[in-house]
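Derivation of every value follows stated rules applied to the coordinates shown; laboratory data play no part. Source: prediction; values computed, not measured. Counting neighbours? That spans all protein chains shown, and the Cβs are built from the backbone with ideal geometry, glycine included.
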Amino acid sequence: MCQLAWDTGKAFHWVIERAEDKQLMGMIIARVNAEKWELGYVLARAYWRRGYMTEAVKGIIAWALKQKDIHRVWAVCDVDNIASARVMEKVGMQREGILKRWSVHPNISAEPRDSYCYAITK
Ligand SMILES: CC(C)(COP(=O)(O)OP(=O)(O)OC[C@H]1O[C@@H](n2cnc3c(N)ncnc32)[C@H](O)[C@@H]1OP(=O)(O)O)[C@@H](O)C(=O)NCCC(=O)NCCS
């Protein structure tokens, strides 16, 4: 699925490896919708709180906004996902608002939950 999405330009998935030993730590996805990229990311718990995701998201945004046709990079997170919101704030994304009942996060509830929408534009 990831390979097909990459080949058709619909989404790009990257794995995140530790530089020194190539340990797999997590991944980032960019979903493409015309001039907009939507990011999603996850890191294995053992590697949390060491700045890895901030570094990775910053790199992807810097590259994306250098591309002529990409004008907006955005992402959402559950209103209780403090870590994810903080990553987005640290990379310079702005909180644009709350998307009510945006998505189901089954580890929290079977009901759709509110999410923050963050974005950075050029
Ligand atoms: C969200 C996630 C990717 C953050 O990755 P990370 O590499 O641990 O984040 P960083 O180390 O770059 O930390 C960024 C900021 O968040 C803060 N933070 C990280 N984890 C936190 C936590 N559990 N509680 C509170 N703050 C947290 C850090 O302290 C840092 O802020 P600071 O510099 O002001 O102290 C990681 O927690 C994760 O994979 N979570 C599960 C999947 C997920 O929620 N993905 C996002 C879906 S929207």
List the trypsin sites (Lys or Arg not before Pro) in segment 63-109 that DSSP assigns to loop (not H, G, I, E or B) and whose Cβ has at most 10 other Cβ atoms within 10 Å. Which are they? 68
Whole-Hz Karplus ³J(HN,Hα) for segment 110-122, in order, using 6.51 cos²θ - 1.76 cosθ + 1.60 and θ = phi - 60°, x for Gly and Pro? 7, 8, x, 10, 6, 10, 7, 10, 10, 7, 10, 10, 10
Modelling each spin label as a point 7 Å along the Cα-to-Cβ direction, I'd like the residue 21/residue 86 distance in nm, to one decimal. 2.5
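For residue 103 and residue 69, what does the FRET efficiency come to when R0 = 41 Å and r is the distance between their Cβ atoms, rounded to the nearest 0.05?
Numbers: r = 27 Å, r/R0 = 0.66.
The computed FRET efficiency comes out at 0.95.
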Derived scalar couplings ³J(HN,Hα) [segment 27-40; Karplus, 6.51 cos²θ - 1.76 cosθ + 1.60; whole Hz; x for Gly, Pro]: 8, 10, 10, 10, 9, 9, 9, 6, 8, 10, 10, 9, 9, x
Shape box of the chain [Cα atoms, principal axes, largest first, Å]: 37, 36, 30
Rounded to the nearest Å, the spacing of the alpha-carbon centers of segment 64-95 and segment 7-44 is 14
Determine ³J(HN,Hα), in whole Hz, for all residues of segment 43-58 in sequence, where each value follows from phi through the Karplus function 6.51 cos²θ - 1.76 cosθ + 1.60 and θ = phi - 60°; x replaces Gly and Pro. 10, 4, 3, 4, 10, 5, 6, 10, x, 5, 6, 4, 4, 5, 5, 4
